[in-house]
Amino acid sequence: MIKYLIQKEFIQIRRNGFLPRLILVFPIVIMCVMPWVMNQEVKNIRVDVVDNDRSSLSQQLVHSIEASNYFIFCGQKPTYQVALKDVETSRTDIILVIPPHYSRDLTNGRQPQVLIAANAVNGTKGSIGSAYLSQIVTANVAPTAIQSKVSALFLYNKHLNYKVFMIPALFGILLMLMTGFLPALNIVGEKEKGTIEQINVTPVPKWSFILAKLIPYWLIAIVLITICLLLSWLVYGITCQGNLLLVYLLAMFLALFFSSLGLIISNYSDTMQQAIFVMWFFVVCMLLLSGLFTPVRSMPHLAYLTTYINPMHYFIDAIRTVFVRGGSFHAITHQVLALLAIGSFMAAWAVQSYKKNS
């Protein structure tokens with residue numbers, strides 16, 4: 001019986017002229033565009049310089065800023081007030097003020113007081129941009145201090161490529177959207193069409209009906225992950241450092257949760273509009289509280305407690321462990337068990353919440 005119910009679901013998907021194209025095109029667009037856009041590296045910081053010394057050493061500092069790949073040199077301004085107007089109109093991000101007698105102080109062995117004024121509306125850009133500029137100033141003011149014997153070893157991502165960090169997270173976003181929203185519109189769509197009544201009068205058990213609704217989206221999850229892995233390798237040359245079977249296992253457990261959540265919302269909703277808004281509420285909350293963009297340890301304590309019941313947090317943590325660090329099953333046992341427990345609970349709820357009037 002389940003076989004024919006599953007066959008019915010695939011026939012419905014195939015007869016829909018939009019869904020097959022969406023399932024194939026959506027991951028391609030996300031993987032080819034988003035890794036370039038979702039980038040938190042701070043670059044192209046616009047800098048104004050106020051040179052009150054106008055010496056060869058102060059010009060050497062200015063040329064060092066011009067040569068940096070992190071800054072866009074917007075020119076020298078006559079006064080600090082003129083440069084501040086550029087900040088107020090968002091034409092520049094940071095002002096560097098070189099004091100008078102800058103060259104004389106350096107020659108006499110004193111440390112000149114250089115002012116860095118940063119637009120901190122975007123706190124991350126302001127703080128990191130100031131740190132970059134401080135390093136250039138320090139290198140010109142006290143070059144011997146830079147010669148300390150300190151070396152840094154970057155593990156797992158030695159080139160500091162932000163795409164390596166974001167691509168595994170995009171797997172979770174795709175699974176969340178595709179295996180969450182499509183089931184959320186499934187049963188409620190049949191309610192609006194009136195076809196659900198034909199199922200309600202049949203002797204099909206509730207668990208068989210819900211399972212037949214879930215299985216197609218697990219298969220869709222496998223297709224999505226396969227496309228993402230291929231594009232990650234072909235477009236960016238980034239491959240999974242761990243066992244690919246663990247990636248598929250994590251994807252299946254996350255798809256179990258979101259497809260079950262979608263069916264639960266669909267069971268309780270009367271219209272597709274209602275289902276979309278309820279699903280969007282849960283998607284946004286789980287996405288922002290998952291640690292996908294920011295470390296969860298930086299959250300307030302109450303917000304951090306929500307990560308214990310957030311499957312996206314477990315998936316993001318585990319997929320980065322496997323994909324980037326090459327972790328084994330032992331390294332992600334905790335996350336796998338958590339995903340399995342939460343997904344099983346939601347699947348049972350999906351069966352229980354379906355009201356079948358036979």
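Over segment 45-147, what relative contact order in percent results from Cα pairs under 8 Å that are six or more residues apart? Provide the component values of the computation, followed by the final result.
Numbers: 150 pairs, mean separation 30.8, N = 103.
That works out to 30 percent.
Under 20 Å Cα to Cα from residue 8, which aspartates and glutamates show up? Leave out anything in the same chain fewer than 8 places away.
Partners found: 190, 192, 197.
With N set to the number of residues, divide the alpha-carbon radius of gyration of segment 221-270 by 2.2 N^0.38 Å and report two decimals.
Details: Rg = 14.5 Å, N = 50, 2.2 N^0.38 = 9.7 Å.
The reported ratio for this selection is 1.50.
Take the cross-link list 3/193; 85/163; 193/355; 163/213 and give me the ones stretching past 28 Å between alpha-carbons.
Values: 3/193 23 Å; 85/163 36 Å; 193/355 17 Å; 163/213 34 Å.
Violating the 28 Å limit, Cα to Cα: 85/163; 163/213.
Where does the charge balance sit around residue 8 when Lys and Arg score +1, Asp and Glu -1, over other residues with C-beta under 13 Å from its C-beta? Before the final figure, lay out each step's value.
Working: positive: 3, 14, 15, 213; negative: 9, 190.
Result for the neighbourhood of residue 8: +2.
List the relative contact order of the chain as a percent without decimals, with contacts defined as Cα pairs under 8 Å and 6+ residues apart.
On the way: 469 pairs, mean separation 67.2, N = 358.
RCO, the chain: 19 percent.
Dipole of the chain, Cα-centred, from +1 at each Lys and Arg C-beta and -1 at each Asp and Glu C-beta, to the nearest 20 debye? Mind showing how you got there, number by number?
Working: 26 positive and 15 negative charges, 144 e Å.
Computed charge dipole of the chain: roughly 700 debye.
Pull up the cross-link candidates among the aspartates and glutamates for residue 77, meaning alpha carbon to alpha carbon under 19 Å and not fewer than 8 places away within one chain.
Within the straight-line cut-off, residue 77 pairs with 48, 51, 53, 66, 86, 88, 93.
If contacts are Cα pairs under 8 angstrom and at least 6 residues apart, what is the relative contact order of segment 117-270 in percent?
34 percent.
Determine the percent antiparallel among the DSSP beta bridges restricted to the chain, to the nearest 5.
Values: 4 of 13 bridges.
The answer is about 30 percent antiparallel.
Take segment 45-147, drop everything but the C-alpha atoms, weight them equally and run the Debye formula without solvent; then report log10 I(q)/I(0) at 0.15, 0.17, 0.23, 0.25 Å⁻¹ to two decimals.
Summing over Cα pairs of segment 45-147 leads to -0.57, -0.73, -1.28, -1.46.
Hey, what number do you get for the chain at 222 nm if only DSSP H runs of n ≥ 4 count, each worth -39500 (n - 2.57), divided across all residues, to the nearest 500?
Numbers: 15 runs with 227 residues, N = 358.
About -21000 deg cm²/dmol.
In straight Cα distance, which aspartates and glutamates are under 20 Å from residue 191, not counting same-chain residues fewer than 8 positions off?
Straight-line reach from residue 191, under 20 Å: 9, 270.
Please work out the Cα convex hull volume for segment 31-104 and give it in Å³ per residue.
Numbers: hull volume 6.8 nm³, N = 74.
Roughly 91 Å³ of hull volume per residue.
With a point put 7 Å past each Cα toward its Cβ, work out how far residue 138 is from residue 344 in nm, to one decimal.
Taking the two extended label points, one gets 5.2 nm.
Over the alpha carbons of segment 161-240, what is the largest minus smallest coordinate on each principal axis, giving the biggest first in Å?
Dimensions of segment 161-240 along the principal axes of its Cα atoms: 56, 20, 16 Å.
Roughly how many whole Å is it from the C-alpha centroid of segment 315-337 to that of segment 160-183?
Measuring centre to centre over Cα atoms gives 15 Å.
Values quoted throughout were computed directly from the atomic coordinates according to the rules given, and no laboratory measurement underlies them. Quick caveat: nothing in here was measured; it's all calculated off a predicted structure. Positions of Cβ are backbone-derived with ideal geometry, glycine not excepted, and every protein chain shown enters the neighbour counts.
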